[in-house]
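The structure appears right after this line, and notes come after that.
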Amino acid sequence: MRKSVGFTSKSRLAGAETVARFTPPFQVSLAFIVDGDWVLRYDNEAGKGDHRHIGQAEKRYKFTNPEIRLTDFWNDVDRWRR
């Protein structure tokens, strides 16, 4: 039985020096957390680019724009909760 469900998100605009090495110039992380464990996470990072974690699986994610990323994230949350 699920005891707690939480959500977290963060974004960080990179400085000009970082922008030259990492595209896009911001770091994004969206997470769906249940009982203290991340069960779903969307993020991007240098060397990996945009991807998502569903349970233990990591899958590539094609970023188009922030609105679609949020829609895709919430659709995955809805699928997980069913």
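Numbers at a glance
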quantity: Qualifying positions in region 26-50 - surrounded by 15 or more Cβ atoms within 10 Å (Cβ to Cβ) and of a type in the set (Asp, Glu); calculated: 43, 50
quantity: Search result, residues across region 35-64 that are more than 13 Å from the chain's Cα centre (by Cα) and either part of a helix (DSSP H, G or I) or of a type in the set (S, T, N, Q) (or both); calculated: 56, 64
quantity: When residues of region 19-67 are limited to those that are under 18 Å from residue 77 (Cα atoms) and of a type in the set (Val, Ile, Thr), the one modelled with the lowest pLDDT; calculated: 28
quantity: Selected residue [modelled with pLDDT of 85 or more, among the charged types (D, E, K, R) and either surrounded by 11 or more Cβ atoms within 10 Å (Cβ to Cβ) or part of a strand (DSSP E or B) (or both)] from 72, 78; calculated: 72
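The values are calculated or read from the model by the stated rules, or taken from the named source; none is laboratory data. These numbers were taken from a predicted model, which means no experiment stands behind them. Don't worry about glycine lacking a Cβ; one is built from the backbone with ideal geometry, like all the others, and counts go over all protein chains shown.
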